[in-house]
Amino acid sequence: MIPGTQIISVNGRAIQDFLDWEFLSADDELIVETRQPDGEDVIYEIERPEGEALGVALEPPNVRRCANRCEFCFIEGLPQGLRRNLYIRDDDYRLSFTYGNFATLSNVKEKDIQRILEYRLSPLYVSVHATNWEARKVLLNNPRVPDIVAQLTRLAQGGIQFHSQMVIVPGLNDGDVLEESLTDLWNLGDAVLSAAVVPVGLTQFSHLYTGDPLSRDKARALLDHVERWSDKAVAERGETWVFGSDELYLLAGKELPGPEHYGEFAQIENGIGSITSLRMRVADGLEDLPRLDGLRVGVVTGTATSGMMPDLLRSLTRATGGEFKLIALENSLFGPTITTAGLLVGADIRRALAGRNDIDIALIPAETLNDDRVFLDDVSFDELRDELPVPVYPSYDFIDVLSSEQLAVAA
Ligand code: SF4
């Protein structure tokens, strides 16, 4: 097929999007009806050798936009002037299945439900926030949201499973509302694979939500609530099932649980167990590290994780002989309430590392960069690296960079 060809149907079924193509083109014998860029209709009869890909690359899908206006929406809290795709409020069950993006299901129509069931799009990642219908309407700022319990029940009866999350806005969906949410999700049985409880994250630009961020006392009360449920889940089902996010533990000032708590780390992308996973990867990688005696390593991180870093850095010093210096940064773009290392921007790193003559290399969180190696504030990593006085390496877990050969040469 030539670029720009429109795929109209496969084996007589109309193609709406990448999902239809993915599922309907799985057969070995295909009749593909197409419209060429010049308007000519062409039908391909394809017999595919077993296991071979068709080699068709689809255009990126049109993302389904969100119909809500959540009180706590992070996108509403973005400053002006960032690249356009950062402002897209997607709420797309197809991306939930394909990439693990969370979706509220509030824009899902009957025909979408039919597709989820027919294609068995499972597991889905669902932003529940509250199962109480009235509370959910307030949280999502959308009086037309469907009843999430009815939606999940219907899908569960069709064999669909879910990972769920509740972003907690103090006073709106903690306390009794959270108790009701966890009870409803628990009662869906095996269909709900996990439930995450995440504190609301507000930037200095958030303007919808006018309440307070989570105080330490409220974070502790929330974590106690979560732990009562996780104790019950372990006792009755043999798995933790409900998890407080890493940020919730940090806000509450409580030690994070060990790896056994997180099982398969199903919601690690959602900040559930990522610190514990980092500790595990460092501990596992220490013995393979080369000696780095005398090498002075600056480690850039956000303020949220700065407290747990000294122990990790000491273990790296013991294993390598290198000298590790913690560089904890406030986020200049989103403000001091956003403390996550992965949301630091190029300007923060430039400011922190310019003129640092007391280190030989710097490690920065790899999560700060997108696939094009660009920070959230559009600063290019390659340009930044060229202007800084020390070599800079994006790193996920220190071990990835410290064990690399190029670094051993630098040392
Ligand atoms: S569902 Fe809420 S938080 Fe998510 S994009 Fe929409 S408004 Fe923002």
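Determine if the stretch 13-29 includes at least one residue that is surrounded by 15 or more Cβ atoms within 10 Å (Cβ to Cβ), free of Cβ contacts under 8 Å to residues at least 40 places away in the same chain and within 16 Å of the ligand (Cβ to nearest atom).
no
All but one of (1) assigned to a loop (DSSP other than H, G, I, E, B); (2) surrounded by 12 or more Cβ atoms within 10 Å (Cβ to Cβ); (3) more than 16 Å from the ligand (Cβ to nearest atom); (4) of a type in the set (Val, Ile, Thr) hold for THR34, so report the exception by its number.
THR34 satisfies all of (1) assigned to a loop (DSSP other than H, G, I, E, B); (2) surrounded by 12 or more Cβ atoms within 10 Å (Cβ to Cβ); (3) more than 16 Å from the ligand (Cβ to nearest atom); (4) of a type in the set (Val, Ile, Thr) except (1).
Would you kindly identify the helices (runs of 4 or more DSSP H) lying entirely within the stretch 316-411 that contain at least 3 residues that are of a type outside the set (Val, Ile, Thr)?
Details: elements: 346-353, 381-387, 399-402, 405-410.
Fully inside the stretch 316-411 and qualifying: 346-353, 381-387, 405-410.
Among the residues of the stretch 217-255, which ones are touching a strand residue (DSSP E or B) at 6+ places or on another chain (Cβ under 9 Å) and of a type in the set (A, V, I, L, M, F, W, C)?
Answer for the stretch 217-255, where residues must be touching a strand residue (DSSP E or B) at 6+ places or on another chain (Cβ under 9 Å) and of a type in the set (A, V, I, L, M, F, W, C): ALA219, LEU222, LEU223, VAL226, TRP229, ALA233, TRP241, VAL242, PHE243, LEU248, LEU251, ALA252.
So in the stretch 74-112, with the set limited to residues that are surrounded by fewer than 19 Cβ atoms within 10 Å (Cβ to Cβ) and among the polar types (S, T, N, Q), which one is nearest to the ligand (Cβ to nearest atom)?
Of everything passing the filter in the stretch 74-112, ASN101 is nearest to the ligand (Cβ to nearest atom).
Test ARG281 against the stated conditions and say whether it is in contact (Cβ under 8 Å) with a residue 60 or more places away in the chain and of a type in the set (Lys, Arg).
When the stated conditions are applied, ARG281 passes them.
Of all residues in the stretch 284-303, count the ones that are open to solvent by 30 Å² or more (accessible area, probe 1.4 Å) and within 30 Å of PRO79 (Cβ to Cβ).
1
Among the residues of the stretch 42-73, what is the count of those that are touching a residue at least 60 places away in the same chain (Cβ under 8 Å) and surrounded by 14 or more Cβ atoms within 10 Å (Cβ to Cβ)?
Matching residues across the stretch 42-73 total 6.
Those residues that are assigned to a helix (DSSP H, G or I) and without any contact (Cβ under 8 Å) to a residue 40 or more places away in the chain, I need them from the stretch 247-278; list them, please.
TYR249, ALA252, PRO259, GLU260, HIS261, TYR262, ILE268, SER274, ILE275, THR276, SER277
Can you pull out every residue in the stretch 378-395 that is of a type outside the set (A, V, I, L, M) and either surrounded by 17 or more Cβ atoms within 10 Å (Cβ to Cβ) or free of Cβ contacts under 8 Å to residues at least 60 places away in the same chain (or both)?
Hits for the stretch 378-395 are SER380, PHE381, ASP382, GLU383, ARG385, ASP386, GLU387, PRO389, PRO391, TYR393, PRO394, SER395.
I'm trying to understand the selection: among the residues of the stretch 195-231, which are of a type in the set (S, T, N, Q) and at pLDDT below 85? Walk me through how you get there before you give the answer.
Taking the stretch 195-231 first, the residues of a type in the set (S, T, N, Q) are 203-204, 206, 210, 215, 230.
Within the stretch 195-231, THR203, GLN204, SER206, THR210 meet the criteria.
Go over the candidates VAL138, VAL167, VAL126, VAL145 one by one and state the one that is open to solvent by 30 Å² or more (accessible area, probe 1.4 Å), within 13 Å of the ligand (Cβ to nearest atom) and closer than 15 Å to CYS70 by Cα. Steps first, please.
Working: VAL167 fails: open to solvent by 30 Å² or more (accessible area, probe 1.4 Å); VAL126 fails: open to solvent by 30 Å² or more (accessible area, probe 1.4 Å); VAL145 fails: open to solvent by 30 Å² or more (accessible area, probe 1.4 Å).
Of the residues listed, the single one that is open to solvent by 30 Å² or more (accessible area, probe 1.4 Å), within 13 Å of the ligand (Cβ to nearest atom) and closer than 15 Å to CYS70 by Cα is VAL138.
From the list GLU50, GLU71, which one is within 16 Å of the ligand (Cβ to nearest atom) and in a loop (DSSP other than H, G, I, E, B)?
Criteria check complete, one pass: GLU71.
Scan the stretch 352-377 for residues that are surrounded by 14 or more Cβ atoms within 10 Å (Cβ to Cβ), among the acidic types (Asp, Glu) and more than 22 Å from the chain's Cα centre (by Cα) and report the count.
Looking only at that region, the number is 1.
The values are calculated or read from the model by the stated rules, or taken from the named source; none is laboratory data. Since the structure is predicted, the reported quantities are computational estimates derived from the model, not experimental observations. Every residue, glycine among them, receives a Cβ derived from its backbone with ideal geometry; neighbour counts consider all protein chains shown. Side chains are part of the model used for accessible areas, which takes the heavy atoms of the whole protein and leaves out ligands, DNA and RNA. Shrake-Rupley method; radii C 1.70, N 1.55, O 1.52, S 1.80 Å.
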